[in-house]
1. Has segment 17-29 got any residue that is at pLDDT below 85 and surrounded by 14 or more Cβ atoms within 10 Å (Cβ to Cβ)?
2. Has segment 2-16 got any residue that is at pLDDT 90 or above and surrounded by 17 or more Cβ atoms within 10 Å (Cβ to Cβ)?
3. Of all residues in segment 106-125 being surrounded by fewer than 16 Cβ atoms within 10 Å (Cβ to Cβ) and outside any strand (DSSP E or B), which is modelled with the lowest pLDDT?
4. Listed residues 128, 141; which is surrounded by 10 or more Cβ atoms within 10 Å (Cβ to Cβ), at pLDDT 75 or above, in a loop (DSSP other than H, G, I, E, B) and out of contact with any Pro (no Cβ under 8 Å at 6 or more places or on another chain)?
5. Examine segment 30-39 for a residue that is part of a loop (DSSP other than H, G, I, E, B) and modelled with pLDDT under 80, and state whether such a residue exists.
6. Could you pull out the residue among 103, 52, 96 that is exposed (fewer than 11 other Cβ atoms within 10 Å of the Cβ), farther than 21 Å from residue 18 by Cα, modelled with pLDDT of 90 or more and out of contact with any helix residue (DSSP H, G or I) (no Cβ under 8 Å at 6 or more places or on another chain)?
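The values are calculated or read from the model by the stated rules, or taken from the named source; none is laboratory data. What you see is a predicted model; the values in this text were computed from it and never measured. Here Cβ is always computed from backbone atoms with ideal geometry, including for glycine, and neighbour counts include all displayed protein chains.
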Amino acid sequence: MKEATTENANSVYLATKEMYTMIQFYSMVLGLDIIVEDNCTITFSIGNQNEKNLIKLTICDRKHPECDGRFDSLITEQTSETMPITFEVDLQDYLKISDQLKKKQVNHKRTKYEWITCESLFVRDPDGNILEFTCFEEHTGDA
């Protein structure tokens, strides 16, 4: 039997009880664009909306009556305490997110890996999820 392979994932779903705080973080702090919004979910884009590698981050409001139970079979109360949710972004998006975090004085960590041409930026969202934005394009920025 041939193993299934994934070229890339393009959607991530998170649930929160603090929707307003999460919207503020993802839009105002990280500077992500809102692409879809309904009564109980909001979807942000990571990357260029015209590219095939667009990543969609959807956040579900667990307090909203229309969302109640919508994703319960997929959601637990735990956050990513040890493993990050990783997004591969191009250099332009990586620098944009880095600049946004600096401007907003949000605690984050940038790591430049010596063994591979790669740099990652780590930050926690208001619910405690660890986000990692990774860029494989070489640049001369400080880590």
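1. Checking segment 17-29: not a single residue is at pLDDT below 85 and surrounded by 14 or more Cβ atoms within 10 Å (Cβ to Cβ).
2. no
3. The extreme case among them is 115.
4. Criteria check complete, one pass: 128.
5. Just the residues of segment 30-39 that are part of a loop (DSSP other than H, G, I, E, B), to begin with: 30-32, 38-39.
Subsequent filtering for residues that are modelled with pLDDT under 80 retains none.
No, segment 30-39 has no match at all.
6. Criteria check complete, one pass: 103.
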